[in-house]
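The values are calculated or read from the model by the stated rules, or taken from the named source; none is laboratory data. Being a predicted model, the structure only gives us computed values, none of them experimental. Backbone-built Cβ (ideal geometry, glycine too); neighbour counts: all protein chains shown. SASA here: full protein model, heavy atoms, side chains in, ligands and nucleic acids out. Shrake-Rupley method; radii C 1.70, N 1.55, O 1.52, S 1.80 Å.
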Amino acid sequence: LDATARAHPHAPAYGELTWAAAAEQTRRLSATLAALGIGPGDRVALFLPNRPAFLTLLFALSRRGAAAILLNTRFRAADLAPLLTRASPVAFALARDLAPVDPAAVLESLPAETRASLRFILAADDGPGGTLAGLPVHPVSEEHGANAPDHAAPASEALTFTT
């Protein structure tokens with residue numbers, strides 16, 4: 001990402017972002033993830049639609065050396081429970097504005113033991129913080145500085161597909 005941003009800073013990347021803007025957003029989100037305690041070896045479950053925030057979160061997790069557990073947004077509690085139990089993610093990313101699905105209701109319908117590894121929720125939407133399923137909600141737009149160490153490594157686990 002950084003190499004592409006240096007080579008083509010003003011070229012379109014994804015959504016309305018240029019490569020330079022995508023790299024900057026990724027660095028800022030990586031700093032937020034670092035401040036929230038996400039680092040090498042951690043796993044974060046992503047129950048998100050395809051939109052720019054999804055890609056930025058994937059890049060930011062990679063910078064932290066963390067893995068994204070990609071969850072199909074058609075899945076419901078019965079499908080998600082065994083996946084979350086096996087993956088033991090430290091956070092669950094969702095978009096509360098995902099229609100026609102209510103991701104918050106899906107998460108809350110999961111058995112408590114399935115959510116036991118979760119420390120917080122990442123909200124990839126414009127909604128406020130607060131709590132959800134007894135966990136603190138942190139919007140991905142929260143700012144915790146502009147930079148954090150880059151822990152990306154070629155051998156790091158980066159993506160786990162569950163479809």
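Okay, here's what the table says:
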| quantity | calculated |
| --- | --- |
| Answer from Ala93, Ala87, Ala81, Ala99 - the residue that is under 15 Å from the mean Cα position of the chain (by Cα) and surrounded by fewer than 19 Cβ atoms within 10 Å (Cβ to Cβ) | Ala87 |
| Counted residues, segment 102-124 - those being farther than 19 Å from Ala66 by Cβ, open to solvent by 20 Å² or more (accessible area, probe 1.4 Å) and either acidic (Asp, Glu) or in contact with a strand residue (DSSP E or B) (Cβ under 7 Å, 6 or more places away or on another chain) (or both) | 3 |
| Among residues of segment 32-52, those that are in contact with a helix residue (DSSP H, G or I) (Cβ under 9 Å, 6 or more places away or on another chain) and not β-branched (Val, Ile, Thr), counted | 11 |
| Among (1) touching a Ser or Thr at 6+ places or on another chain (Cβ under 6 Å); (2) touching a residue at least 60 places away in the same chain (Cβ under 8 Å) - the single one Ala146 does not satisfy | (1) |
| Filter result for Leu57 (within 25 Å of Glu113 (Cβ to Cβ), modelled with pLDDT of 95 or more and not charged (D, E, K, R)) | no |
| Filtered residues of segment 41-61 (kept if open to solvent by 50 Å² or more (accessible area, probe 1.4 Å) and closer than 22 Å to Leu17 by Cβ) | Asn50, Arg51, Pro52, Leu55, Phe59 |
| Inter-residue pairs, beta-carbon under 9 Å, first farther than 17 Å from Ala124 by Cα and free of Cβ contacts under 8 Å to residues at least 60 places away in the same chain and in segment 10-39, second of a type in the set (S, T, N, Q) and part of a helix (DSSP H, G or I), 6+ apart | Ala11/Thr4; Ala13/Thr4; Trp19/Thr4; Ala23/Thr4 |
| Scope segment 17-40; condition of a type in the set (Gly, Ala, Ser) and either open to solvent by 10 Å² or more (accessible area, probe 1.4 Å) or closer than 24 Å to Leu84 by Cβ (or both); matching residues | Ala20, Ala21, Ser30, Ala34, Ala35, Gly37, Gly39 |
| Any pair with Cβ under 8 angstrom, 6 or more apart, that starts in segment 95-116 at a residue that is over 10 Å from Thr85 (Cβ atoms) and among the hydroxyl-bearing types (Ser, Thr, Tyr) and ends at one that is at pLDDT 90 or above and open to solvent by 80 Å² or more (accessible area, probe 1.4 Å) | Ser109/Arg76 |
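A quick yes/no check of all residues on (1) more than 27 Å from Glu108 (Cα to Cα); (2) not in a loop (DSSP other than H, G, I, E, B):
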position	(1), (2)
Ala3	yes, yes
His10	yes, no
Arg28	yes, yes
Leu33	no, yes
Leu46	no, yes
Ala53	no, yes
Ile69	no, yes
Phe75	no, no
Ala78	no, yes
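So that you can scan it fast, the table gives a plain yes or no per residue for (1) among the hydrophobic types (A, V, I, L, M, F, W, C); (2) within 25 Å of Gly129 (Cβ to Cβ); (3) out of contact with any helix residue (DSSP H, G or I) (no Cβ under 6 Å at 6 or more places or on another chain):
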| residue | (1), (2), (3) |
| --- | --- |
| His8 | no, no, no |
| Phe54 | yes, yes, yes |
| Ile69 | yes, yes, no |
| Arg86 | no, no, yes |
